[in-house]
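What follows is a single structure, written as structure tokens, with notes after it.
The values are calculated or read from the model by the stated rules, or taken from the named source; none is laboratory data. Quick caveat, the model's predicted, so the values are computed rather than measured. No Cβ is skipped: glycine too gets one built from the backbone with ideal geometry, and neighbour counts run over all protein chains shown.
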Amino acid sequence: MSDRIAKYYPLIPVYSVYLALFLIGKNVPGMWQLIAMLAFYSAIGQAFNIFLGMTGYVDFGYVAFMGVGTYGMALSISHLYHVEWLGVWVVLIGFLLAAVMSTILSILVGAVALRLRGAYFAIATIGVNEGFRYLIEGARIWGGSEGIIFYGQLAQAVGRKTASILSTFWADIFVFVIAGVAAFITLFYMKGKIGYALTALREDEDAAKVMGIHVTKYKIIAFITSASLAGLIGASAWGLKVTNVFPPEVFEIHYTIECIIIVLLGGAGTLLGPVVGGLIYGLSKYWLTVIIPGFQLLIFAPIILIVIIAFPEGVIGVLARRYRGTPLGKFIA
Amino acid sequence: MAINEVYLEIDAGERIGIVGPNGSGKTTLFNLISGVFFPEQGSIYFEGKDITRMPPYKRAPMGIGRTFQIPRPFGSATVRENVAVGAMFGTLGSQVGVREALEIADRYVELVGLQEHRNKPAGGLTPIEKKLTEVARSLAMHPKLLLMDEAMAGMHPKDIDNMVDFLKRIAEQESISIVAMVEHIMRAVVGLVQRVVVLHQGSKLVDAPTRDALKDPRVVEVYLGHPPEEHAC
């Protein structure tokens, strides 16, 4: 019995970080935007980690799932705002649509691209992201390159005051919630058969197959999970918060790169890693922008290079190894 | 190296040695049985079922286990976790949860004598320990047929004897058929297997009980080339 509870100990530091962030943001004036950004980076790190960290496959088109999720929220609000009895539930439908759309896209992409390995997979996924963006723009789907601007409709659906609170406060809270859910799913996978299967296929895919592991099935499970969480984050942090969506902004490959950096900094395949990675990345990006605006990337690139060469396992990867078997080790995963 | 018209029947609980020089098709044979490749012609039956084109992940739960010549443990996972993977996805697969799999793993880790290393990542082990991890992992699958690729290469003769005794005992207890691929360690062949199949350039050259096979002049020729007197050098 105590084993069953001990299994969830590693969630304690994760949730403590999120709680601390929330309390700081809520109580220190002027901090909320920074806190929201940190939560966003930790959340996308966690969502991406379920695929990148656990399978070892790099998906450069990852941001497409966030983009599609953003569209899910935009479409829900811009199409259903006049259905009066829906009220605030239009936001819930937005989240559902975001999850469904990103799941469908991940199944389509996964069924084809996950048959490829290594660099081939990575390249194929870049194509998906760019292709999807140009499909929306070229075929003029969902407003084409003019995008969807839906603050007015949101206000009409839920009232001006609620709309303002939704986009300035609740959108960020939802990111916290999604991050918390992502952490729980990550741990659930890590401790379950699926985690063992994913570790095996990450380390040696052919040996894993011969051991009886249906590698494609497990890769697709991780891929869909990761993609649907990304869709939800997009729906909240880019949809509900920004209340407009333009293809070049949400299919921007830059965000995928940030996800990869966050996961690698913190420790790929670990639970706490992407949270810590998100904090380190978000904070240093913020401070570098303040101290030397315009040069932050120039400074940041070599720092990341050094960290990744010196600690390929990431911050938490190193800590988890050092404290394995000690009482503290129970909390680090 | 391709193999050509090799007919091979393995009885339940039988231990066979596959012998042959480099490039004789031993690894190809293993890859065909475990499903890494599919044959262009011919068929493979396991317990009366045609598995010729069955993907490998379905063969393992039926009872076909395998170890690799160069051990391939899952490096970042601990020894115990590696062995648990075998229990989780082998023949017991659907009935075994993570907790039971780890218990099974502990048993096999102890059987191969790695209990001190059980919480170490397998990637940091010595080659021999990696090999033992792999043996434990494949045994934890509770296979009916175990394909062992050079399981004892690089081992000390005394360790080979121990390994042979261990494999014989466990194969008899759990009625596992073993097909051991052996390149040069005759000590292992003689001790472990009841029958020897000699492959040469992809074809079956000899298939006979161990003692007879090792005395067969064709086997001597395959291994040593022509008798020494013809090579006056």
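Key figures for this structure:
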| quantity | calculated |
| --- | --- |
| Tally of residues being without any contact (Cβ under 8 Å) to a residue 60 or more places away in the chain, touching a Phe, Trp or Tyr at 6+ places or on another chain (Cβ under 8 Å) and over 27 Å from A:SER145 (Cα atoms) across the range A:67-117 | 0 |
| Selection from the range A:224-235 of residues that are surrounded by fewer than 24 Cβ atoms within 10 Å (Cβ to Cβ) and of a type outside the set (S, T, N, Q) | A:ILE224 |
| Condition check for A:ALA155: free of Cβ contacts under 8 Å to residues at least 24 places away in the same chain and buried (at least 17 other Cβ atoms within 10 Å of the Cβ) | yes |
| Subset of the range B:74-98 (residues that are of a type outside the set (A, V, I, L, M), facing chain A (nearest Cβ under 8 Å) and touching a residue at least 12 places away in the same chain (Cβ under 8 Å)) | B:PHE74, B:GLY75, B:SER76, B:GLU81, B:GLY86, B:PHE89, B:GLY90, B:GLY93 |
| Evaluation of B:ILE70 against (1) more than 11 Å from chain A (Cβ to nearest Cβ); (2) of a type in the set (Val, Ile, Thr); (3) over 15 Å from A:TYR196 (Cα atoms) (one fails), failing number | (1) |
| Failed item, numbered, when A:ARG160 is tested on (1) touching a strand residue (DSSP E or B) at 6+ places or on another chain (Cβ under 9 Å); (2) within 27 Å of A:ALA36 (Cα to Cα) | (1) |
| Per-region count, the range A:183-216, residues surrounded by 20 or more Cβ atoms within 10 Å (Cβ to Cβ), out of contact with any Leu (no Cβ under 8 Å at 6 or more places or on another chain) and either on the phi > 0 side of the Ramachandran plot or more than 10 Å from chain B (Cβ to nearest Cβ) (or both) | 2 |
| Of all residues in the range B:174-209 being over 17 Å from the mean Cα position of the chain (by Cα) and not in a strand (DSSP E or B), the one that is farthest from B:LEU32 (Cα to Cα) | B:GLN201 |
| Residue check, B:GLY48 modelled with pLDDT under 95 and at positive phi | yes |
| The range A:217-236: number of residues that are away from chain B (no Cβ under 14 Å) and of a type in the set (Lys, Arg) | 0 |
| Among residues of the range B:99-154, those that are farther than 29 Å from B:GLY48 by Cβ, more than 10 Å from chain A (Cβ to nearest Cβ) and assigned to a loop (DSSP other than H, G, I, E, B), counted | 10 |
| Number of the condition not met by B:VAL112 [criteria: (1) in contact (Cβ under 8 Å) with a residue 60 or more places away in the chain; (2) under 30 Å from B:HIS156 (Cβ atoms); (3) crowded, with 18+ Cβ neighbours inside 10 Å] | (1) |
| First in the range A:120-145 and farther than 17 Å from A:PHE65 by Cβ, second anywhere and among the small types (Gly, Ala, Ser) and surrounded by fewer than 19 Cβ atoms within 10 Å (Cβ to Cβ), Cβ under 7 Å, 6 or more apart | A:GLU137/A:GLY144; A:GLU137/A:SER145 |
| Residue ranges of helices (runs of 4 or more DSSP H) in the range A:31-131 with at least 2 members buried (at least 24 other Cβ atoms within 10 Å of the Cβ) and in contact with an Asp or Glu (Cβ under 8 Å, 6 or more places away or on another chain) | A:32-55 |
| Residue ranges of helices (runs of 4 or more DSSP H) in the range A:206-325 with at least 1 members over 30 Å from A:LEU135 (Cα atoms) | A:215-233, A:254-266, A:273-291, A:296-310, A:314-322 |
| Some residue of the range B:59-72 being part of a loop (DSSP other than H, G, I, E, B), over 17 Å from the mean Cα position of the chain (by Cα) and surrounded by 14 or more Cβ atoms within 10 Å (Cβ to Cβ) | no |
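One line per residue, one yes/no per condition, for (1) at pLDDT 95 or above; (2) among the hydroxyl-bearing types (Ser, Thr, Tyr); (3) more than 17 Å from the chain's Cα centre (by Cα); (4) within 24 Å of A:ALA333 (Cα to Cα):
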residue: A:PHE176; (1), (2), (3), (4): yes, no, no, yes
residue: A:PHE184; (1), (2), (3), (4): yes, no, no, yes
residue: A:LEU187; (1), (2), (3), (4): yes, no, no, yes
residue: A:LYS191; (1), (2), (3), (4): no, no, yes, yes
residue: A:LEU198; (1), (2), (3), (4): yes, no, yes, yes
residue: A:GLU205; (1), (2), (3), (4): no, no, yes, yes
residue: A:MET211; (1), (2), (3), (4): no, no, yes, no
residue: A:LEU229; (1), (2), (3), (4): yes, no, no, yes
